[in-house]
Amino acid sequence: MSTAEVKSDSGERVVQIRRCACVVKGGRRFSFAALVVTGDGNGRAGYGYGKAIEVPQAVEKATKQSNRSQVSVPTVGGTIPHQVIGEFRSSRVLLLPAKPGTGVIAGDCVKSVVEAAGITDILTKAYGSTNPLNLVKATFEALKKLRTREQIERLRGVTL
């Protein structure tokens, strides 16, 4: 199992590549699973998980899935509007807004997600399991909970 971060031109980041083995009569048959995060760097990001016999095919499948599953992320001046916690299984991710110039303070998995979404200043902390797939999913759960001030005003029917 190897964890690597590879950056390409299209805004895709390979977060993890796993080698899986299936034991058959003649020995072991290997396959690969890839976790990919894509984003336009302007408030949209998605993730995908693909499995195939070869690594490039697994990455291609994951990239296609991540492009289909993109969500919009509200940002305010390069950071997020408010503090939020995302949970997926035993992983929890805390995202905190930061002042301009702080940068992205995060682990590899969370960092690839927030950079793909175009967030430049943020503080994060991961609790519980540090499984890359669960951390990426927990980060996306947190990003889906974000609301801007205008969205909250419209939902509540008041001015803040």
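Of the listed requirements (1) surrounded by fewer than 16 Cβ atoms within 10 Å (Cβ to Cβ); (2) over 15 Å from the mean Cα position of the chain (by Cα); (3) in the same structural domain as Val136 (by TED's automatic domain parsing); (4) within 26 Å of Ser129 (Cα to Cα), Arg19 misses just one: (3). Taking the criterion of being more than 18 Å from Gly41 (Cβ to Cβ) and either in a strand (DSSP E or B) or not assigned by TED's automatic domain parsing to the domain that holds Arg147 (or both), the residues of segment 80-106 that qualify are Val84, Ile85, Gly86, Glu87, Phe88, Ser91, Arg92, Val93, Leu94, Leu96, Pro97, Ile105. If you go through segment 119-160 and pick out every residue that is assigned to a loop (DSSP other than H, G, I, E, B) and free of Cβ contacts under 8 Å to residues at least 12 places away in the same chain, you end up with 4. Of all the numbered requirements in (1) outside any strand (DSSP E or B); (2) over 14 Å from the mean Cα position of the chain (by Cα); (3) modelled with pLDDT of 95 or more, Thr63 misses one, and that requirement is (2).
Of all the numbered requirements in (1) exposed (fewer than 15 other Cβ atoms within 10 Å of the Cβ); (2) closer than 21 Å to Asn42 by Cα; (3) of a type in the set (Lys, Arg), Arg154 misses one, and that requirement is (2).
Any idea which residue in segment 22-42 is surrounded by the fewest Cβ atoms within 10 Å (Cβ to Cβ), counting only those that are of a type in the set (D, E, K, R) and more than 19 Å from Ile119 (Cβ to Cβ)?
So in segment 22-42, the residues of a type in the set (D, E, K, R) come out as 25, 28-29, 40.
Adding the requirement that they be more than 19 Å from Ile119 (Cβ to Cβ) leaves 25, 28-29.
Working: Lys25: 4, Arg28: 9, Arg29: 11.
Selected residue: Lys25.
All conditions but one from (1) in a strand (DSSP E or B); (2) surrounded by fewer than 17 Cβ atoms within 10 Å (Cβ to Cβ); (3) not charged (D, E, K, R) apply to Ala45; the one that does not is (2).
The values are calculated or read from the model by the stated rules, or taken from the named source; none is laboratory data. Values in this document were obtained by computation on a predicted structure and should not be read as measured data. Every residue, glycine as well, gets a Cβ built from its backbone with ideal geometry; the counts of neighbours run over all protein chains shown.
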